[in-house]
Amino acid sequence: MTGTTDPIRSPRPFIAPTSRSTSRSTSASALASAIPFASGPASTFEPPSGTASGAASEGRAPSDVLGVRAARLRSAELEELIRRDPRGFRISTGDRPTGRLHLGHYFGTLHNRVRLQNLGVELFVVVADYQVLTDRDVADRLAEHVEELVLDYLAVGVDPARSTIFAHSAVPALNQLLLPFLSLVSVAELSRNPTVKDEIAHSRRSAVSGLMFTYPAHQAADILFCKANLVPVGQDQLPHLELSRVVARRLNNRYGGGRAVLPEPEALLSAAPLLLGTDGAKMSKSRGNAIALAAGADETARLIRGARTDAERHITYDPETRPEVSSLVLLTALCLGRDPRQVADDIGGAGASALKAAATEAVNEHLAPMRARRAMYAEDRGHVRRVLCEGGERASAIAETTLREVRAAMGTLY
């Protein structure tokens, strides 16, 4: 059984390996010593926008803070293990198809997925379409949102030849795992899950869908169906992953007969840069304050021109006292692969207009090749659907094998 201190065991090679690039692109993590970090933007394995970030803001107990520290130490060890043997890891991650992805998603999660894929890690990316059925305005255009999400994946460099992109709803065996998984957790455990609590608090509806309470078990199924042994998360997502670990542990203990039917996946704690939206609040699709990856150069320029700054002319990088200005400086630095303090020093007394001009140029130059790829793929929607179809077939074959093993352990193969 995979533990929190033992080396990762190699997963079963369900998919024949293809040639994998080992090149490294400029990484946002290279700027870690100079920039603030928080958990990445909303994905299927993390809480939605509005959830407080960090132990202090959530009033966490010291034990929780120690848990985050331990996760960071373990993540450093895991990064070294990935460097030595990337094929020993299988990662599961994904997003809810609720609209086009933006710069916060890119620097928060997408950049890291492509990095891990290019290192040779086996990557599964789930389009969590069943998890948006409570969002009625989105569910009405669900197919469109799913295709747009896949276009963003392809544009940033997720390669269907090396990674598996699939829709949750297309893998029946994955959903069959949901029932035994739900039997292993209590109603209290589900109701106090951070995502469930936050969604209920912000639903603004007279009634909450019963599906809402299955979110944590859905996430566990998304991770465990392929026996993923590693999940990239932000620190706010640790409770979500812990429930998946609990499900695996309880199934192994109850039905495993001394063997690990499912691995207990470990967290690869990501250091996602904290980018604010153009209004100074958290970057979010629902707030309309984000720069979409698919936005054109002119739209990007307009959005950045309207970004909130402050009255002080001299540009400095000080996230604590000048968050809006510092976020623009950070965005520029990330796109250029530079230290944000150096970017701020270069602009100096030229003021906010010069900062916005520098940010616009850097963002448009950085996104230009991604936008070109996206436009190319968008011309062939049949290709997008083929990516989902082929990914669904691969994921289904794996899920069927896992489901059969779970049923065998439970004694329900008749």
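Using alpha-carbon pairs under 8 Å, 6+ residues apart, how would you state the relative contact order of the range 69-216 in percent? RCO, the range 69-216: 23 percent.
When all protein chains stay in place and ligands, DNA and RNA are ignored, the 1.4 Å accessible-area order of Lys197, Lys285, Lys356, largest first, is Lys197, Lys285, Lys356.
Extension gain, Thr401 to Arg141, is 90.4 nm, computed as 0.36 nm per intervening residue step minus the present C-alpha separation. With a cut-off of 9 Å between beta carbons, the residues surrounding Arg308 carry a summed charge of -3, where Lys and Arg count +1 and Asp and Glu -1.
The H on the amide N of His102, modeled in the peptide plane, is under 5 Å from the matching H of Leu293, each at least 5 residues off or on a different chain. Packing around the peptides 175-187, 387-399, 98-110, taken as the average count of other Cβ atoms within 10 Å per residue, puts them in this order, highest first: 98-110, 387-399, 175-187. The order of Tyr130, Tyr317 by accessible area, most exposed first and with a 1.4 Å probe, is Tyr130, Tyr317. Per residue, the average separation of C-alpha pairs within less than 8 Å and at least 6 apart gives the range 181-331 a relative contact order of 17 percent. Modelled label positions at Ala375 and Asp298, each set 7 Å beyond Cα in the direction of Cβ, lie 1.3 nm from each other. So what's the net charge close to Leu103: Lys and Arg +1, Asp and Glu -1, counting the other residues with Cβ under 13 Å from its Cβ? It works out to a net charge of +2. In the range 154-229, Cα pairs under 8 Å separated by at least six residues give a relative contact order of 39 percent. For Lys227, a cut-off of 28 angstrom between C-alpha atoms picks up these lysines, skipping any fewer than 8 places away in its own chain: Lys197. Between Ser191 and Glu365, the modelled labels are 5.5 nm apart [label points 7 Å from Cα along Cα→Cβ].
The values are calculated or read from the model by the stated rules, or taken from the named source; none is laboratory data. Because the structure is a prediction, the values reported are computed rather than measured. A quick note on method: Cβ atoms are made from the backbone with ideal geometry, for glycine too, and the neighbour counts reach across all protein chains shown. The protein model used for the area step is the full one, side chains on, heavy atoms only, and it has no ligands, DNA or RNA in it. Shrake-Rupley method; radii C 1.70, N 1.55, O 1.52, S 1.80 Å.
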